[in-house]
Amino acid sequence: MNALKSLLIGLSFAALSSAAAQTAPQTYFGLYTQASSVGGADVGLGVQGTYDTDRYALRLGVNVQSILGYTLGFGGDLSVSYPVYGDLRSPVRAAVGAGLDLSSHNGGAFVFVRPYLSASAEARIARFSTVFVEGSLGYTLGNSISPGVKLGLNFR
C-alpha cells in the first residue's frame, strides 16, 4: 500500500511540474458535477478554467461539496492532462493526466488532500461546447485509496 501511495503522489507532482513551463494558446471554462470517496460519499458541483496548448491542458477548478448529503464543504483542483487521441479541433478527444484535490469540510475542521491520476474523454456537442467525463484514482492523505468521477460541460 505504501508503494502505491508513493507512486500516486510522485506521478501526480511530476506531471503537474512538467507542464508548468509551456504556453497556453486557448483558454476556456466549464461546469461539472463530481463524486468521490474523499471523506465518505463526497458529491460536488464546480466550475473550472483550462489553459489548453493541444499538447497538454492545465486546469484549475473550485467546487461546493456535501458528504452524505449533510455537511457542506469547499474544494479546489489543479491538474494537467495529456491528449492520447484527438486534438482541439477533433469531435472526440481522450487524455490521461494527474492532479491534486484539496477539500475542506465542517468550516475547515476536516481538510483532505488527494493527489490522483486520471483518464478523460470529451465529445463536441456544439460548435463551442463539449461534454466530458473524467475518472480518477488517488490517495487521500491520512485515509485510503480514493476513486472519483467528474461529468461536465466545457465552453470554448
Which listed residue, of ARG59, ARG55, is among the basic types (Lys, Arg) and either assigned to a strand (DSSP E or B) or modelled with pLDDT under 85 (or both): ARG59
Any hit, region 121-141, residues being modelled with pLDDT under 85 and either of a type in the set (Ser, Thr, Tyr) or surrounded by fewer than 17 Cβ atoms within 10 Å (Cβ to Cβ) (or both): yes
Considering residues of region 80-109 that are part of a loop (DSSP other than H, G, I, E, B), open to solvent by less than 70 Å² (accessible area, probe 1.4 Å) and modelled with pLDDT of 85 or more only, the residue nearest to PRO25 (Cα to Cα): LEU88
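The values are calculated or read from the model by the stated rules, or taken from the named source; none is laboratory data. Computed from a prediction, not measured in an experiment: that's the story for all the values here. All Cβ positions, glycine included, derive from the backbone under ideal geometry; neighbour counts span all protein chains shown. Only protein heavy atoms, including side chains, enter the accessible area calculation; ligands, DNA and RNA are left aside. Shrake-Rupley method; radii C 1.70, N 1.55, O 1.52, S 1.80 Å.
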